[in-house]
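The values are calculated or read from the model by the stated rules, or taken from the named source; none is laboratory data. Owing to the predicted nature of the structure, the values given are computational and were not obtained by experimental measurement. Counting neighbours? That spans all protein chains shown, and the Cβs are built from the backbone with ideal geometry, glycine included. What goes into the accessible areas is simple: the full protein's heavy atoms, side chains included, and nothing from ligands, DNA or RNA. Shrake-Rupley method; radii C 1.70, N 1.55, O 1.52, S 1.80 Å.
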Amino acid sequence: MMPAPHHLLLIDDDPILGEQLITLLSQRNYRVTHCLDADSGFRCVQANDIHLLLLDVRLPGMSGLELLAVLRDRFSLPVLMLSACGAEEERIKGLQHGADDYLAKPFHPLELALRIDALLRRSAPPPAAQAQCLQVDDLSLDASRTELKVAGQAVELTPLQFRLLWLLAHHRGQTLSKTYLYHRLFQREYSPYDRSLDMHVSRVRRKLSSAGFDALRLQTQHGKGYCLQ
């Protein structure tokens, strides 16, 4: 029996682009729902089991960035932001608000498909036989549930943020290079102009600090990478 297709939600006010992406992604065995504005998109996330969100930054009414901030308070689904070419500030804000990745318009359809594939692979729970737990002082990570607890209290992380912290905890005391982390987290080469990783580290730090963990232990080794002490 074929597995049920992943359900993707596209929130973009361009109906022509929506039709094109539905056709493209349906051919790759994805189920796609298209919403034209943030309000209807939010209702769709509430009412359905969405596996990944494709979210345009510029939407009528509530913007994509505003919607992302609302969603991150309640949902941990992977989010791929779509932004205008050259809109560097928008992409940075998207990552700061909790987006997992971004893609500038206009984009090549194959690149979009490959990024979706990679995000879904990263967010998938490990097989039961590989389920593991890690403990670093007050930090408790459960890979089978993609769950983090600090001193027994649950802390909400996106799948990518969890994988980042897991890698750092698994290699505690070691500096992991940006090249290594980009390969493991994003399945792409590191570029010094790409700030995706920096933004995710910053967001993990804030969540750890809010939970009472000394976030300074997640250290930036300038010119080298990151290390959890």
Legend entry - Degrees separating the helix 159-170 axis from the principal Cα axis of the chain, which is the longest one: 20
Legend entry - Simple label model, 7 Å out from Cα along Cβ direction - GLU89 to LEU216, nm: 3.3
Inset, instruction - Considering Cα pairs under 8 angstrom that are at least six residues apart, work out the relative contact order of region 128-229 and quote it in whole percent. - result: 24
Legend entry - Relative contact order %, the chain, counting alpha carbon pairs below 8 Å whose residues are six or more apart: 14
Inset, instruction - Considering only ALA215, ALA99, ALA154, give the residue with the highest GNM mean-square fluctuation for the chain, with springs between Cα atoms whenever their separation is below 10 Å. - result: ALA154
Legend entry - Ellipticity estimate at 222 nm from DSSP helix runs (n ≥ 4, -39,500 (n - 2.57)) divided over the chain, nearest 500: -12000 deg cm²/dmol
Inset, instruction - Grab the other residues whose beta carbon is less than 15 angstrom from that of ALA118, score K and R as +1, D and E as -1, and report the net. - result: +1
Legend entry - More than 22 angstrom apart: percent of Cα pairs within region 110-229: 33
Inset, instruction - Assign unit charges at the C-beta atoms only (+1 for Lys and Arg, -1 for Asp and Glu), then state the dipole size of the chain relative to its Cα centre in Debye, rounded to the nearest 20. - result: 780
Inset, instruction - Work out, step by step, the length gained on full extension between LEU110 and ALA151: first 0.36 nm times the residue separation, then minus their alpha carbon distance; give nm to one decimal. - result: 10.4 nm
Legend entry - Neighbourhood charge, 14 Å Cβ-Cβ cut-off, centred on LEU55 and excluding it, Lys, Arg +1 and Asp, Glu -1: -4
Legend entry - Two-site label geometry, ASP137 and ASP13: point separation in nm, points 7 Å out along Cα→Cβ: 4.7
Legend entry - region 34-87-region 159-224 distance, computed between alpha-carbon centres (Å): 24
Legend entry - Degrees between helix 196-210 axis and first principal axis of the chain (Cα, 0 to 90, nearest 10): 60
Inset, instruction - Arrange the peptides 100-107, 187-194 so that the one whose residues have, on average, the most other Cβ atoms within 10 Å appears first. - result: 100-107, 187-194
Legend entry - Full-extension gain in nm, SER202 to ARG172, via 0.36 nm per residue minus C-alpha separation: 9.0 nm
Inset, instruction - Have a look at LEU21, LEU82, LEU54 and tell me which one the Gaussian network model of the chain (Cα, springs below 10 Å) gives the largest fluctuation. - result: LEU21
Inset, instruction - Calculate how steeply helix 109-123 sits against the longest principal axis of the alpha-carbon atoms of the chain, using the helix alpha-carbon long axis, and give the answer as 0 to 90 degrees to the nearest 10. - result: 40
Inset, instruction - For the chain, list log₁₀ I(q)/I(0) at each q in 0.08, 0.10, 0.12 Å⁻¹, using the Debye formula over Cα point scatterers of equal strength and ignoring solvent, two decimals each. - result: -0.29, -0.46, -0.67
Inset, instruction - Run the accessible area of the chain with a 1.4 Å probe and give the carbon-and-sulfur part as a rounded percent. - result: 51
